[in-house]
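Novice: Sharing a structure, written as structure tokens. Questions coming.
The values are calculated or read from the model by the stated rules, or taken from the named source; none is laboratory data. Here the structure is a predicted model, which is why all the values come from computation and not from measurement. We place every Cβ from the backbone using ideal geometry, glycine too, and count neighbours over all the protein chains shown. To get the accessible areas, we keep the full protein, side chains included, count just its heavy atoms, and leave off ligands, DNA and RNA. Shrake-Rupley method; radii C 1.70, N 1.55, O 1.52, S 1.80 Å.
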Amino acid sequence: MRNKKVLLIVQAALIAAIYVVLTYFISAFNLASGAIQVRISEALTILPVFTPAAIPGLFIGCLLSNLLTGCMPLDVVFGSLATLIGACGTYALRKHKWLAPLPPIVANTIIVPFVLAYVYMAEGTIPFFMLTVGIGEVISCYVLGMILYKVLNNYRSVIFKNE
């Protein structure tokens with residue numbers, strides 16, 4: 001029992017660290033935030049399909065990424081909550097491979113545009129932000145996420161042996 005808890009903590013920490021590194025990388029290209037964003041670290045939101053440790057890992061990774069890249073406090077809170085909601089939804093849909101990436105797409109497409117409009121006072125409308133953020137989320141969560149799913153599923157029993 002104790003080894004399983006340690007394994008879940010280590011998995012969560014690794015997922016959080018990878019999320020931060022990927023966000024830092026993509027922020028160098030100004031794609032981690034703003035009206036047009038393709039945060040490749042969001043591909044990791046497919047990981048709750050493999051382990052529940054991904055839920056806190058993704059939340060902490062997003063929270064740290066938002067703090068470290070200089071996001072406004074309300075963005076840190078609501079952006080991280082969007083990722084948490086998405087991760088919980090992915091875990092709930094873990095038995096449905098093609099539906100699993102949808103919760104983070106929906107959560108971010110609904111929440112992030114309001115952050116852009118009301119926290120950053122970005123120029124544009126909420127429907128426009130929903131479109132741009134939604135497209136970025138589809139690229140990150142669906143396209144990249146499903147590629148990651150395919151690769152990791154081949155090694156599921158080795159990497160996520162506790163599941």
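Novice: Contact order normalised by length for the chain, with contacts defined as Cα pairs under 8 Å and 6 or more residues apart; what percent is it?
Specialist: Working: 258 pairs, mean separation 42.3, N = 163.
In percent, rounded to a whole number, it is 26.
Novice: For region 65-128, with every protein chain kept in place, what is the accessible area per residue (1.4 Å probe, Å²)? Present the calculation step by step, with values, prior to reporting the outcome.
Specialist: Details: 3430 Å² over 64 residues.
Here the residues of region 65-128 average 54 Å² of exposed surface.
Novice: Give the carbon-plus-sulfur fraction of the accessible surface of region 15-88 in %, rounded to a whole number; probe 1.4 Å, heavy atoms of protein chains only.
Specialist: Carbon and sulfur atoms account for 82 percent of the accessible area of region 15-88.
Novice: Let me ask something additional. List the trypsin sites (Lys or Arg not before Pro) within region 91-163 that DSSP assigns to loop and that have no more than 14 neighbouring Cβ atoms inside 10 Å.
Specialist: On the way: sites: 94, 95, 97, 150, 156, 161; in loops: 94, 95, 97, 161.
Loop-located and lightly packed - 95, 97, 161.
Novice: So, one more: Explain nothing, just compute: Karplus ³J(HN,Hα) = 6.51 cos²θ - 1.76 cosθ + 1.60, θ = phi - 60°, for every residue of region 147-159 in order, whole Hz, x for Gly and Pro.
Specialist: Ordered by residue, 3J(HN,Hα) equals 5, 4, 4, 4, 5, 5, 4, 5, 10, 3, 5, 8, 6 Hz.
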